[in-house]
Amino acid sequence: MKRRAAIKNMMIFAGGIYLLPSCSGDPGKASVELAHITISAQQEALLAAIAETLIPGTKDAPGAKDLNLHLFTLKMVDDCHSADDQQKFVSSLRVMDKEGLFTRLDGAKREKFITDLLEDTNAPEELREFMKITKQRVIQGFKNSKYAMTDLKQYELVPGRYNGYYPVENV
Amino acid sequence: MPQLNTDSIKDRTFDAIVIGSGISGGWSAKELTERGLKTLLLERGRDVRHIKDYPTTNMLPYEFEHRGEVPLAIREKNPIVSKCYAFREDAMHFFVKDTEHPYIEDKPFDWIRGYQVGGKSLMWARQTQRWSDLDFEGPARDGFAVDWPIRYKDIAPWYSHVEKFAGISGNKDGLKELPDGEFLPPYPLNAVEDHFKKVVSEKYPGRYVISARAAHLSQPQPVHLEQGRGQCQNRILCQRGCPFGGYFSSNSSTIPWAQKTGNLTLRPFSVVHSIIYDEQKGRATGVKVIDTNTKEEIEYFARVIFVNASTVNTNLILLNSISHRFPEGLGNDSGVLGRYVAFHHYGGDVGGRYEGPLDRFRTDGRNPARGYIPRFRNVYKQETSFLRGYAAGLSAGRDFYSDTNAIGEALKDNLVNRKLGPWYVGSHMMGETIPKKESYIKLDTDKKDEWGVPLLRVSVDFDDNDAKMLEDYFEQFSEMFAAAGFKDIRTRKRPGAPGIDIHEMGGVRMGHDPRTSVLNKWHQLHACKNVFVTDGACMTSTSTQNPSLTYMAFSARAANFAVDELKKGNL
């Protein structure tokens, strides 16, 4: 059990699941092990900032950064998306990072940047796709986080009952 | 597992051999061992022990690396099994991957398999509706296939026998087309399902909406507690294996029960190559097995052999059992072995939304059974332009949701404070298909798998009758949903080839006449009486009901007949 605990300590808790940290230990690389995509530490920080803008931490509830939803997003893009999606995702992160498109903005402007990308059909298709994927995965990560499921009681593993006439007033 | 001394014929000789440990093989083994027969239960896959080998059973959604989603690399490598609704991250270890066991699709066939102790009984949908004479008499009345050699009265006591032991929830609905059984308390319909039931009973005479009968312990009886099973906890994570034994599976029920008799030898990792036929004795004497770990070939011997390898593989074993007497496959004097394969037509669903006074209710907890609408087309006489008909599953429900249009604190607020959504209503069709001679399972003459068994070729397809039936289902359910005031009614064709229903049947059909069928009314090969087939391969026609309960009853009936015949010296 000691070995297990040691491994667990080494792992990163992302929205409730443990991700293996990257083996390289290279501070310039992403902090989680990825098989198909390559992300730099700075691009990872950018993704974290975008995720945090999507679901910010507030004084009463954790946000995307607290729940490591950017790492969950990376994991899902790496394992569950097509090569085409992955290419768009990585390339968008690279462009945004290189040109400081997002990080140079302050709070309210960051939100507007994301909203514009999602809503403006004339925005670059690749960036739009990147933002759609990121938003979808960050939301999924939040809904399926230990926080939402356990603290907010949004999931029950063992109901042990069924009532098909449950009055809505009781909600 | 006991060490088997493979050097001694005596140690490799049993009273009975059962090939396959899924839902029917588990029942064959239970009955044979209970009646005192030393029984060898062969399983081609690995062992799965109840609870111990359900690795995901208590995992929370956030403990799955991909939150339930199957990674793309696995989906791309296994396109067929990836079409199965239950092939998800939590249960994918119980499904055969396409690449592990290839077969040849002369026509597209989505073959969904579970190679392990318990087979697909671990992941099945647990729906257990009886057949009636309206089903058994179908082929004779409508002039297709051949007449079933049995009727409801032959099987009714065996339905009772297996229902009591397995534990089936349900109402006594008093319907001729769906006979009542030995039921535990039903899972009641919810507010909107009841509303639909009321509308249908008022406006559509002869159509019924009932609580589906399902293999869940809604109220365990002493016989279930004795199996070590307890009350169903409404988790509906059944495909992972249930730590409570709340639903029936070979693993939780029949296999441990057979083991308790002291008469069972369970041998996993055992692919059956063929059944050995002794030309002098004029009977089957055993089976040839390939150990999947060592690739060693071992022969086992017994006086009776039950083939419960699942529909397609049962066909394969018989077709591959070649002798001087049976050059075209064991028991295949008629030439129909591997022919007249059919399936269930799950080609469509109809959905909608309810709005109205029942919005004051929602559901709480989960219903493992849901609603069922027995076949109402052509029940007593031919009325439509297509033969036979379809049953349907029905469910209504209400989920919490969050508006995810916004971003930032507004989005977060929506995610934290979910709203109650509208009632949705959904149904899916389960149609009978007509077995046809040109629908076949056969062996490739050239290619073999890694155990030296010929690869299968499968050719089964939808036909005109299926297309007409699907249109009728869409029309009738859209109309009934409209009559119930449902909004946004939409129909959807379900993708997938035959096989995706996971109810493939036939190829070794029962019948009166050895010239046109392979099995007699006791599930014996007409031409080799000590070989029995009681899984889906024996089906003469498919009707609409989920077939597992019928396989269980067939297995129990045939096993007890086999023991009686052995005692009389007839086998």
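The values are calculated or read from the model by the stated rules, or taken from the named source; none is laboratory data. All values reported here derive from a predicted model rather than from experimental measurement. Virtual Cβ from ideal backbone geometry, glycine too; neighbours counted across all protein chains shown. The area values use the complete protein model at the heavy-atom level, side chains included, leaving out ligands, DNA and RNA. Shrake-Rupley method; radii C 1.70, N 1.55, O 1.52, S 1.80 Å.
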Practice task
Within segment B:70-96, count every residue that is open to solvent by 40 Å² or more (accessible area, probe 1.4 Å) and not in a helix (DSSP H, G or I).
Solution key: 3
Exercise for the section: Name the residue, out of B:ASP142, B:ASP135, B:ASP147, that is of a type in the set (Asp, Glu) and over 20 Å from B:ALA537 (Cβ atoms). Expected result: B:ASP142
Handout entry: Residue count for segment B:25-53, restricted to those that are touching a Lys or Arg at 6+ places or on another chain (Cβ under 7 Å) and either surrounded by fewer than 21 Cβ atoms within 10 Å (Cβ to Cβ) or within 14 Å of another protein chain (Cβ to nearest Cβ) (or both)
Key = 0
Exercise for the section: Starting from residues that are without any contact (Cβ under 8 Å) to a residue 12 or more places away in the chain and facing chain B (nearest Cβ under 8 Å), keep the ones in segment A:114-149 and report whichever is nearest to the chain's Cα centre (by Cα). Expected result: A:LYS143
Problem - Selection from segment B:201-218 of residues that are free of Cβ contacts under 8 Å to residues at least 40 places away in the same chain and either open to solvent by less than 30 Å² (accessible area, probe 1.4 Å) or in a loop (DSSP other than H, G, I, E, B) (or both) - result: B:PRO205
Practice task
Pick out the one residue from B:VAL379, B:VAL425 that is assigned to a strand (DSSP E or B), closer than 27 Å to B:ASP501 by Cα and either β-branched (Val, Ile, Thr) or open to solvent by less than 20 Å² (accessible area, probe 1.4 Å) (or both).
Solution key: B:VAL425
Completion exercise
Of those in segment B:100-138 that are of a type in the set (Asp, Glu) and touching a residue at least 24 places away in the same chain (Cβ under 8 Å), the residue farthest from B:PRO256 (Cα to Cα) is B:ASP106
Exercise for the section: Within segment B:461-483, identify whether any single residue is at pLDDT below 95 and either over 20 Å from the mean Cα position of the chain (by Cα) or open to solvent by 40 Å² or more (accessible area, probe 1.4 Å) (or both), and answer yes or no. Expected result: no
Practice task
Filter segment B:324-353 down to residues that are within 20 Å of B:PHE474 (Cβ to Cβ) and among the aromatic types (Phe, Trp, Tyr) and give me whichever is surrounded by the most Cβ atoms within 10 Å (Cβ to Cβ).
Solution key: B:PHE343
Exercise for the section: Hey, can you tell me all the residues within segment A:93-136 that are closer than 13 Å to A:THR53 by Cβ, among the charged types (D, E, K, R) and open to solvent by less than 50 Å² (accessible area, probe 1.4 Å)? Expected result: A:LYS135
Fill in the blank from the handout: B:VAL533: passes all of (1) crowded, with 24+ Cβ neighbours inside 10 Å; (2) touching a Phe, Trp or Tyr at 6+ places or on another chain (Cβ under 7 Å) but (2)
Fill in the blank from the handout: Scanning segment B:226-260 residue by residue, the ones that are within 11 Å of chain A (Cβ to nearest Cβ), polar (S, T, N, Q) and in contact (Cβ under 8 Å) with a residue 60 or more places away in the chain total 1
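Does segment B:94-110 contain any residue that is within 14 Å of chain A (Cβ to nearest Cβ) and under 19 Å from the mean Cα position of the chain (by Cα)? Break it down into steps so the answer makes sense when it comes.
We begin by selecting, within segment B:94-110, every residue within 14 Å of chain A (Cβ to nearest Cβ); these are none.
No, segment B:94-110 has no match at all.
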Practice task
For B:SER517, state whether it is farther than 16 Å from B:ARG151 by Cα, open to solvent by less than 10 Å² (accessible area, probe 1.4 Å), in a loop (DSSP other than H, G, I, E, B) and not basic (Lys, Arg).
Solution key: yes
Exercise for the section: Confirm whether A:GLU111 is acidic (Asp, Glu), touching a helix residue (DSSP H, G or I) at 6+ places or on another chain (Cβ under 8 Å) and either touching a residue at least 40 places away in the same chain (Cβ under 8 Å) or within 12 Å of chain B (Cβ to nearest Cβ) (or both). Expected result: yes
Problem - Boolean, B:PRO149 is in contact with a strand residue (DSSP E or B) (Cβ under 7 Å, 6 or more places away or on another chain) and modelled with pLDDT of 95 or more - result: yes
Practice task
Filter segment B:388-414 down to the residues that are surrounded by 19 or more Cβ atoms within 10 Å (Cβ to Cβ) and either under 23 Å from the mean Cα position of the chain (by Cα) or acidic (Asp, Glu) (or both), then identify the one that is farthest from the other protein chains (Cβ to nearest Cβ).
Solution key: B:ARG388
Handout entry: Members of segment A:68-87 found to be away from every other protein chain (no Cβ under 13 Å) and surrounded by 21 or more Cβ atoms within 10 Å (Cβ to Cβ), listed by number
Key = A:HIS70
Problem - Residue list for segment A:150-167, filter: acidic (Asp, Glu) and either within 7 Å of chain B (Cβ to nearest Cβ) or over 17 Å from B:ASP364 (Cβ atoms) (or both) - result: A:ASP151
Practice task
For segment B:138-147, indicate whether the set of residues that are among the β-branched types (Val, Ile, Thr) and open to solvent by less than 20 Å² (accessible area, probe 1.4 Å) is non-empty.
Solution key: no
Fill in the blank from the handout: Residue count, segment B:174-196, condition in contact (Cβ under 8 Å) with a residue 60 or more places away in the chain and within 14 Å of chain A (Cβ to nearest Cβ), comes to 9
Fill in the blank from the handout: Scanning segment B:291-310 residue by residue, the ones that are of a type in the set (Gly, Ala, Ser) and either on the phi < 0 side of the Ramachandran plot or over 25 Å from the mean Cα position of the chain (by Cα) (or both) total 2
Practice task
Determine if segment B:166-173 includes at least one residue that is open to solvent by less than 50 Å² (accessible area, probe 1.4 Å), more than 14 Å from chain A (Cβ to nearest Cβ), in contact with a Ser or Thr (Cβ under 8 Å, 6 or more places away or on another chain) and part of a strand (DSSP E or B).
Solution key: yes
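Assess whether B:VAL312 counts as being in a helix (DSSP H, G or I) and of a type in the set (A, V, I, L, M). Give the derivation first.
Numbers: in a helix (DSSP H, G or I): yes; of a type in the set (A, V, I, L, M): yes.
Taking the combined requirement at face value, the residue satisfies it.
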Handout entry: Residues of segment B:241-252 satisfying the condition of being more than 20 Å from B:LYS164 (Cβ to Cβ) and open to solvent by less than 10 Å² (accessible area, probe 1.4 Å)
Key = B:GLY241
Exercise for the section: Scan segment B:49-60 and give yes if some residue there is without any contact (Cβ under 8 Å) to a residue 12 or more places away in the chain, touching a helix residue (DSSP H, G or I) at 6+ places or on another chain (Cβ under 7 Å), part of a loop (DSSP other than H, G, I, E, B) and hydrophobic (A, V, I, L, M, F, W, C), otherwise no. Expected result: yes
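Can you say whether A:ALA41 is touching a strand residue (DSSP E or B) at 6+ places or on another chain (Cβ under 8 Å), small (Gly, Ala, Ser) and more than 30 Å from B:ASP413 (Cβ to Cβ), as far as the supplied structure shows?
Considered against the rule, which asks whether it is touching a strand residue (DSSP E or B) at 6+ places or on another chain (Cβ under 8 Å), small (Gly, Ala, Ser) and more than 30 Å from B:ASP413 (Cβ to Cβ), A:ALA41 comes out as yes.
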Handout entry: Odd one out for B:LYS97, checked against (1) more than 21 Å from B:GLU450 (Cα to Cα); (2) free of Cβ contacts under 8 Å to residues at least 24 places away in the same chain
Key = (1)
